[in-house]
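Since the structure comes first, as structure tokens, the remarks are kept for the end.
Rule-based calculations on the coordinates, nothing more; no lab input. All values derive from a computational prediction rather than experimental measurement. Quick reminder, even Gly has a Cβ in these numbers, built from the backbone with ideal geometry, and neighbours come from all protein chains shown.
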Amino acid sequence: MRRRSLLLSVPAGLVTLAACGNDKSGPSKAGESASSSPSVAAPSAAPSPKIVSGPLPAITAGTEFGEKPTVAKGSGAPSKDIAVKTVIAGSGRTIAENDYIQAHYLGQIWDTGKVFDNSYDRKAPLVIQLSQGTIIDGWRYALAGKKVGSRVEMSVPPTWAYGTEGNAQAGIKGTDTLVFVVDVQDAFNSKSSAKGKVVPQNNADLPKVGTNTDGAAPSITVPKAAAPKKLVADYVIEGDGPVVKAENTVLVQYKGVLWDGGKEFDSTYKRDALTSFSLQQVVKGWAEGLTGKKVGSRVLVVVPPALGYGDNPPPGSDIKKDSTLVFSVDILAAV
């Protein structure tokens with residue numbers, strides 16, 4: 001993404017892939033943030049907030065789900081609690097803390113009505129985990145229990161936003177209450193899977209990947225054949241979402257095994273946690289293999305050494321020099 005939300009902390013990067021390195025051209029970029037935006041304030045030590053129904057300013061234009069809203073300036077004193085209103089009730093799955101959400105949003109300051117950030121103009125929804133230290137606490141408390149497809153308006157006092165320090169880059173003072181309108185497009189958790197049409201796997205010289213979509217790790221069966229010399233990136237399940245671009249950040253489930261012996265060396269399923277990363281932060285085999293694939297898909301990616309770790313495998317891993325790597329990757333979202 002070209003610009004990350006003011007709500008975000010510095011991205012953690014990949015747990016294993018990017019953290020271990022990319023190709024021979026240089027060290028991993030996993031520790032670097034693609035964002036010029038500041039981190040969120042430290043998690044509040046205050047007790048859990050009270051959720052109230054108002055007051056909240058009126059939405060005066062852009063009143064449909066997915067439309068950029070126009071929101072009136074706050075009238076009078078805002079609540080010292082988190083005020084939350086479901087403006088449009090969705091019918092999708094219920095959001096829980098630690099889920100990832102995909103959402104469009106607009107944020108402005110209560111007293112002035114000044115818009116300090118919105119994703120609608122960028123035409124790129126936010127994909128973020130509702131976890132402490134990743135997003136401001138106000139979002140965590142306000143969105144938990146809401147349903148996908150909902151438009152939610154909230155006001156968040158400093159205690160559950162940026163604290164007494166505020167956010168100078170956004171023009172937010174430490175006394176500012178913030179108003180957000182959030183359109184929740186989707187939500188994902190550690191049991192999320194690809195969804196789409198199953199594609200036949202007819203090449204006996206390539207690994208076979210399971211097609212289960214119950215949230216459990218799919219099987220990967222490596223054939224007793226020579227590893228391919230070139231990158232393989234084939235649909236196992238073809239989704240119907242937008243096509244992934246080279247500059248995208250993707251949210252995925254994945255499992256990786258070695259071609260030689262089929263031993264698993266990494267898995268989001270075992271960690272019981274999804275992962276999100278920029279395609280510019282990973283090994284070339286991942287970047288090239290996922291670019292052009294549709295969101296919602298499960299993809300078999302076979303990465304030859306030249307596009308993986310080559311003769312510089314991650315220290316302490318089960319990956320040896322010049323290993324061919326086999327992955328099942330579920331592309332859940334891309335922004």
Neighbours of Asp240 by Cβ distance under 15 Å: Lys/Arg at +1, Asp/Glu at -1, summed charge +2
If amide H atoms are modeled at 1.01 Å from N in the peptide plane, then the residues at a separation of 5 or more from Lys173, or on another chain, having amide H under 5 Å from its own are Asn167
Can you tally the lysine pairs in the stretch 40-188 where the Cα-Cα distance is under 18 Å and the two residues are eight or more apart, or on different chains? 13
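Looking at the square roots a ≥ b ≥ c of the eigenvalues of the Cα gyration tensor of the stretch 197-334, which shape do they give, rounded for a/c under 1.5, prolate if a/b is larger than b/c, or oblate?
Judged from the Cα gyration tensor, the stretch 197-334 comes out rounded (a/c under 1.5).
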Rounded to the nearest 500 deg cm²/dmol, what is the calculated helix-only ellipticity per residue at 222 nm for the chain, with -39500 (n - 2.57) per DSSP H run of length n ≥ 4? -1500 deg cm²/dmol
Segment Ser131-Lys229, length gained on full extension (0.36 nm per residue, minus Cα span): 31.2 nm
To the nearest 0.05, the calculated FRET efficiency linking Glu67 and Lys263 through their beta-carbon distance, R0 being 51 Å, is 0.55
Integer Hz, Karplus 6.51/-1.76/1.60 couplings in order for the stretch 276-285, x for Gly and Pro: 10, 7, 7, 5, 8, 10, 10, 4, 4, x
So which aspartates and glutamates pass the test for Lys245, namely a Cα distance under 12 Å, with those fewer than 8 places away in the same chain ruled out? Glu288
Amide N of the stretch 277-298 lying under 19 Å from the label point, which is placed 7 angstrom from the Cα of Ser317 along Cα→Cβ: 277-291
Working out 0.36 nm times the residue gap between Thr175 and Asp205, then minus their Cα-Cα distance, what length gain in nm do you get to one decimal? 4.5 nm
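Using +1 on the beta carbon of Lys and Arg, -1 on that of Asp and Glu, and nothing else charged, what's the dipole of the chain about the Cα centre, debye to 20?
Values: 37 positive and 31 negative charges, 53 e Å.
Roughly 260 debye, rounded to the nearest 20.
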Taking Lys321 as the anchor, which lysines have their alpha carbon closer than 22 Å to its alpha carbon, excluding any fewer than eight residues away along the same chain? Lys24, Lys29, Lys224, Lys229, Lys230, Lys255, Lys263, Lys284
Suppose each label sits 7 Å from its Cα in the direction of the beta carbon; what would the Ala144-Val52 distance come out to in nanometres? 2.1
For Lys320, go through the aspartates and glutamates and keep the ones whose alpha-carbon is under 18 Å away, minus same-chain ones fewer than eight residues off. Asp23, Asp260, Glu264, Asp266, Asp311
Residues whose built amide H sits under 5 Å from the amide H of Val52, excluding neighbours closer than 5 in sequence, are Ile82, Ala83, Val84
Taking 0.36 nm per residue of separation between Ser91 and Lys245 and subtracting their Cα-Cα distance, the length gained on full extension comes to 52.5 nm
Calculated from backbone phi, Karplus (6.51, -1.76, 1.60) coupling profile of the stretch 224-230 in Hz, x at Gly/Pro: 8, 8, 5, 5, x, 7, 10
When only alpha-carbon atoms are used, what values of Rg and Dmax, in angstrom, describe the stretch 257-335? 12.6, 35
